[in-house]
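Q: Mind having a look at this structure? Questions to follow.
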Amino acid sequence: PVATPPAVLREDRADAAYLAVRVAPPTLGAPAAPRPRAVAIVVDTSRSALEGKRLTDEVLAATLAELTPADRFTVLAADVDVTPSAPQPTAGTAEAIAAATRFVGAIEPDGASDLGAALRAAAALHPDQVIYLGDGIPTWGVQEPAALAALADAVHAPIHAALIGKGASSALWADLAGRTGGRAVVVRTPDDAARFALIAGHAAELPRVVGARVQVAGEATVYPGHATTLFAGDELVAL
């Protein structure tokens with residue numbers, strides 16, 4: 001039989017006491033009924049995206065496959081400039097998905113990555129959900145985490161991030177996603193791509209705790225220090 005892990009593990013060392021604490025959210029209720037979504041999908045088309053382009057294409061295809069004709073979506077190709085796949089959000093039909101796929105496929109990755117511009121462009125669409133695909137590293141424009149966090153808050157929608165490529169890091173996006181009600185995932189395989197698309201495609205239906213943080217009274221260093229989204233069944237391990 002598998003034993004239930006303890007809520008707290010403690011190790012006392014010469015320099016400090018180290019603790020791992022399991023924190024689970026309260027009962028969050030039942031999932032909501034599916035409803036039409038307005039989705040902004042940001043695809044990193046900067047030079048750094050070239051190395052992970054094949055996997056990015058797979059994540060994009062899996063993400064678009066979760067759309068329904070009742071949904072409306074726009075794909076934003078983002079480097080220094082941000083270019084939409086269509087002038088207005090489009091219904092998630094097979095024809096529109098094929099057109100958006102051709103739009104991204106015709107772009108040769110180049111330039112730097114202005115995440116601030118991408119977040120502002122996404123916010124202008126007033127989406128119910130933002131999905132970001134890229135390595136997550138800003139190299140142009142706004143680069144300070146606090147300023148990017150303010151732009152993420154201004155979207156007023158959950159942001160889910162699939163972080164792709166050798167340099168992909170969740171250090172920034174874990175907070176940008178967690179504070180908005182989304183999730184940041186490092187994607188390395190096609191199976192990861194499918195899981196991410198499934199999560200992003202149905203997260204709006206799931207009850208969650210948004211912006212969860214662990215705080216400790218007194219002098220202590222806590223990891224993770226960023227905000228976290230906890231869905232039903234999730235558990236946060238704080239160190």
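Q: Work out the FRET efficiency for Ala86 and Ala150 from their Cβ-Cβ distance, taking R0 = 30 Å, and round it to the nearest 0.05.
A: Efficiency at R0 = 30 Å is approximately 0.60.
Q: What angle do you read, to the nearest 10 degrees and between 0 and 90, between the alpha-carbon axis of helix 190-202 and the longest principal axis of the chain?
A: Value to nearest ten degrees: 90.
Q: Would you mind listing how long region 12-57 runs along its three principal axes, going by Cα atoms, in whole Å with the largest first?
A: Reported extents, whole Å, longest axis first: 49, 39, 15.
Q: Kindly state, as a whole number, the per residue volume in cubic angstrom of the convex hull around the alpha carbon atoms of region 1-136.
A: Convex hull of Cα atoms, per residue: 225 Å³.
Q: Right, another one. Could you work out the mean projected area of the convex hull around the alpha carbons of the chain, in square nanometres to one decimal?
A: Answer in nm², one decimal: 15.2.
Q: Express the carbon and sulfur contribution to the solvent-accessible surface of the chain as a percent, rounded to the nearest whole number, probe 1.4 angstrom.
A: Carbon-and-sulfur percentage of accessible area, whole number: 59.
Q: Farthest toward the dipole's positive end in the chain, which of Pro31, Pro190, Pro5, given Cβ charges of +1 (Lys, Arg) and -1 (Asp, Glu) about the Cα centre?
A: After comparing all options, I get Pro31.
Q: Let me ask something else about it. Report the percentage of all Cα-Cα pairs in region 51-123 whose separation exceeds 15 Å, rounded to a whole percent. Don't skip to the end; give the middle numbers.
A: Numbers: 1482 of 2628 pairs.
For region 51-123, the fraction of Cα-Cα distances above 15 Å is 56 percent.
Q: Here is a follow-up. Return the sequence-ordered ³J(HN,Hα) values of region 51-62 in whole Hz as given by the Karplus equation 6.51 cos²θ - 1.76 cosθ + 1.60 applied to θ = phi - 60°, using x for Gly and Pro.
A: 5, x, 4, 4, 5, 4, 4, 5, 5, 4, 4, 5
Q: Taking the Cα centre of the chain as the origin, how large is its charge dipole in debye, to the nearest 20, when only Lys and Arg (+1) and Asp and Glu (-1) carry charge on their Cβ atoms?
A: Magnitude of the dipole: close to 420 debye.
Q: Express the accessible area of the chain per residue in Å², computed with a 1.4 Å probe while the remaining protein chains stay in the model.
A: The answer is 52 Å² per residue.
Q: Also: Compute the distance in nm between two label points, each set 7 Å from the Cα along the Cα-to-Cβ direction, one at Thr27 and one at His202.
A: 2.2
Q: For region 159-222, just the Cα set please: Rg and Dmax, both in angstrom.
A: Both quantities, over Cα of region 159-222: 13.9, 44 Å.
Q: Going by amide H atoms built from the backbone, whose H comes under 5 Å of the H on Ala38, apart from near neighbours?
A: Placed amide hydrogens put Arg72, Asp128, Gln129 under 5 Å from Ala38.
The values are calculated or read from the model by the stated rules, or taken from the named source; none is laboratory data. Just so it is clear, the model here is predicted, and its values are computed rather than measured. Methodologically, a virtual Cβ is constructed for each residue, glycine included, from the backbone with ideal geometry; neighbour enumeration extends over all protein chains shown. The protein model used for the area step is the full one, side chains on, heavy atoms only, and it has no ligands, DNA or RNA in it. Shrake-Rupley method; radii C 1.70, N 1.55, O 1.52, S 1.80 Å.
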